[in-house]
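**Student:** My structure is below; once you've seen it, I'll send some questions.
The values are calculated or read from the model by the stated rules, or taken from the named source; none is laboratory data. Please read these numbers as outputs of a predicted model, since none were measured by experiment. Cβ coordinates were reconstructed from backbone atoms using ideal geometry, including for glycine residues, and neighbour counts include every protein chain displayed.
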Amino acid sequence: AKRSGRGQVFAHSCDLREEFERRRILFAQIDAALAADQFEPHFQPQLCTRTGKLSGCEVLARWRHPERGIVPPATFIAAAEEAGLIRQIDLIMVEKGLDLLESLRDRGYVIPSISVNVSPATLRDPNLSDRLLQEVLARGMTPHDLTVEILETTLIRSEDDHAILSVEQLKKAGFSVVLDDFGTGYASMSTLSRLLFDGIKLDRSLIAPIPNDRAESIVAALTTLSRSLDMRIVAEGVETEEQFSRVKAHGCDVVQGFLVGHPMDAEAFALWYDGFAAA
Ligand code: C2E
Ligand code: CA
Ligand code: CA
Ligand code: CA
């Protein structure tokens, strides 16, 4: 049976109310999860293609839910941003990520640095650079131990210049700043011309089609571009040996993806490293 126009509007507003209610519950759950300390960092290894050694790890947030188990960020990052809770999560990942880095190094694991993800709201915090500096110095580390990954949408969306100022402060303090998900945005090139980044991370969507001549031409061109701008280039989402050897041949400096290792909690990462070091 056909619905009347009025009926459709009614159904639509019901959906909206349901959606609103669902989000309200999720916001409260994230808030409670923060209070209960349920967010933890997982480490995904990044390999230097030249040396074959570990060049660092990306810190990826996970919600360890008492009933649901490990909850991935797709479930909570956007909601946390909307609820104004993302800054807390981002800073917890910095603290716990550095704590994990410290404890793994104490156990003899050689991890040159970690990368953390920061959302727009986090980047706009005028004290971000000082906070991060405090966190590294408190552990006897230096800014070289920490890379900050930002999305270019962050820079475009921010109407004010806070985000750009923040990038400049991070760089001045000695942190590396890399542009994440490169190749998915609208203003990649103008962003690169305005700001000095230490590197770019090629989005998985550029890597997934490889082996493929056109996709590889793009990767090769971006590698040349990043060289001339004195940036390192990371290939994300490398899942096969063939993709690894192709992106390496095209000049990518670092490879990250399921082929090398999934994001892992502290113990799984230690096991992974032992196997990697033995190989
Ligand atoms: P991202 O920063 O682009 O992180 C890479 C994502 O790709 C991760 O998903 C990772 O698990 C996944 N990945 C890595 N290698 C492969 C591969 O070979 N194949 C495939 N199919 N996927 C791969 P994850 O952990 O689910 O994170 C999703 C996104 O959530 C991240 O994307 C990042 O934007 C966001 N995120 C994660 N942790 C944080 C955080 O602490 N703060 C903020 N603001 N955002 C975070
Ligand atoms: Ca602390
Ligand atoms: Ca990232
Ligand atoms: Ca990415």
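**Student:** Can you tell me which condition Leu196 does not meet? The list is (1) loosely packed, with under 14 Cβ neighbours inside 10 Å; (2) touching a Ser or Thr at 6+ places or on another chain (Cβ under 7 Å), and all the others hold.
**Tutor:** Of the numbered conditions (1) loosely packed, with under 14 Cβ neighbours inside 10 Å; (2) touching a Ser or Thr at 6+ places or on another chain (Cβ under 7 Å), the odd one out for Leu196 is (2).
**Student:** For Leu123, work out the one condition from (1) crowded, with 19+ Cβ neighbours inside 10 Å; (2) more than 18 Å from the chain's Cα centre (by Cα) it doesn't fulfil.
**Tutor:** (2)
**Student:** Consider Arg131 carefully, then state whether it is of a type in the set (Lys, Arg) and out of contact with any helix residue (DSSP H, G or I) (no Cβ under 8 Å at 6 or more places or on another chain).
**Tutor:** no
**Student:** Could you check, for the stretch 94-109, whether at least one of its residues is touching a helix residue (DSSP H, G or I) at 6+ places or on another chain (Cβ under 9 Å) and outside any helix (DSSP H, G or I)?
**Tutor:** The answer is yes, given that some residue of the stretch 94-109 is touching a helix residue (DSSP H, G or I) at 6+ places or on another chain (Cβ under 9 Å) and outside any helix (DSSP H, G or I).
**Student:** So which residues in the stretch 34-52 are in contact (Cβ under 8 Å) with a residue 40 or more places away in the chain and under 25 Å from Glu267 (Cβ atoms), if there are any at all?
**Tutor:** Leu34, Phe39, Glu40, Pro41, His42, Phe43, Gln44, Pro45, Gln46, Leu47, Cys48
**Student:** Six or more apart or on different chains, Cβ atoms under 8 Å: show the pairs whose first residue is in the stretch 227-242 and over 12 Å from Ser205 (Cα atoms) and touching a residue at least 60 places away in the same chain (Cβ under 8 Å) and whose second is among the basic types (Lys, Arg) and more than 16 Å from ligand 2 (Cβ to nearest atom).
**Tutor:** Once the first residue is over 12 Å from Ser205 (Cα atoms) and touching a residue at least 60 places away in the same chain (Cβ under 8 Å) and sits in the stretch 227-242, its partners that are among the basic types (Lys, Arg) and more than 16 Å from ligand 2 (Cβ to nearest atom) give Val234/Lys201.
**Student:** Right, something else. For residues that are within 16 Å of ligand 4 (Cβ to nearest atom) and crowded, with 20+ Cβ neighbours inside 10 Å, tally how many sit in the stretch 131-150.
**Tutor:** Final tally of qualifying residues: 3.
**Student:** For the stretch 143-157, state whether one or more residues are of a type in the set (Ser, Thr, Tyr), without any contact (Cβ under 8 Å) to a residue 40 or more places away in the chain and either out of contact with any Asp or Glu (no Cβ under 6 Å at 6 or more places or on another chain) or more than 16 Å from ligand 2 (Cβ to nearest atom) (or both).
**Tutor:** Yes; the residues of the stretch 143-157 include at least one that is of a type in the set (Ser, Thr, Tyr), without any contact (Cβ under 8 Å) to a residue 40 or more places away in the chain and either out of contact with any Asp or Glu (no Cβ under 6 Å at 6 or more places or on another chain) or more than 16 Å from ligand 2 (Cβ to nearest atom) (or both).
**Student:** For the stretch 208-217, state whether one or more residues are crowded, with 20+ Cβ neighbours inside 10 Å and in contact with a helix residue (DSSP H, G or I) (Cβ under 7 Å, 6 or more places away or on another chain).
**Tutor:** yes
**Student:** Only residues that are touching a residue at least 40 places away in the same chain (Cβ under 8 Å), more than 16 Å from ligand 1 (Cβ to nearest atom) and among the hydrophobic types (A, V, I, L, M, F, W, C): list them for the stretch 111-142, please.
**Tutor:** Ile111, Leu133, Met141
**Student:** Looking at the stretch 181-201, I want the residues that are without any contact (Cβ under 8 Å) to a residue 60 or more places away in the chain and closer than 19 Å to Leu165 by Cα and have a partner that is among the acidic types (Asp, Glu) and away from ligand 2 (no atom under 16 Å from the Cβ) with Cβ atoms under 8 Å, at least 6 apart or on another chain. Which pairs are those?
**Tutor:** From residues that are without any contact (Cβ under 8 Å) to a residue 60 or more places away in the chain and closer than 19 Å to Leu165 by Cα, the pairs are Ala187/Glu152; Ser188/Glu152; Thr191/Glu152; Leu195/Glu168; Gly199/Asp253.
**Student:** Between Gly84, Gly108, which is out of contact with any Asp or Glu (no Cβ under 8 Å at 6 or more places or on another chain) and in contact (Cβ under 8 Å) with a residue 12 or more places away in the chain?
**Tutor:** Gly84
**Student:** Residue by residue through the stretch 45-64, note down the ones that are touching a helix residue (DSSP H, G or I) at 6+ places or on another chain (Cβ under 9 Å) and within 13 Å of ligand 1 (Cβ to nearest atom).
**Tutor:** Pro45, Leu47, Cys57, Val59, Leu60, Ala61, Arg62, Trp63
**Student:** Please note which helices (runs of 4 or more DSSP H) are completely contained in the stretch 205-279 and include at least 2 residues that are among the hydroxyl-bearing types (Ser, Thr, Tyr).
**Tutor:** 213-228
**Student:** Quick check on the stretch 154-183: of everything there that is at pLDDT 85 or above and in a loop (DSSP other than H, G, I, E, B), which residue is farthest from Asp253 (Cα to Cα)?
**Tutor:** Gly174
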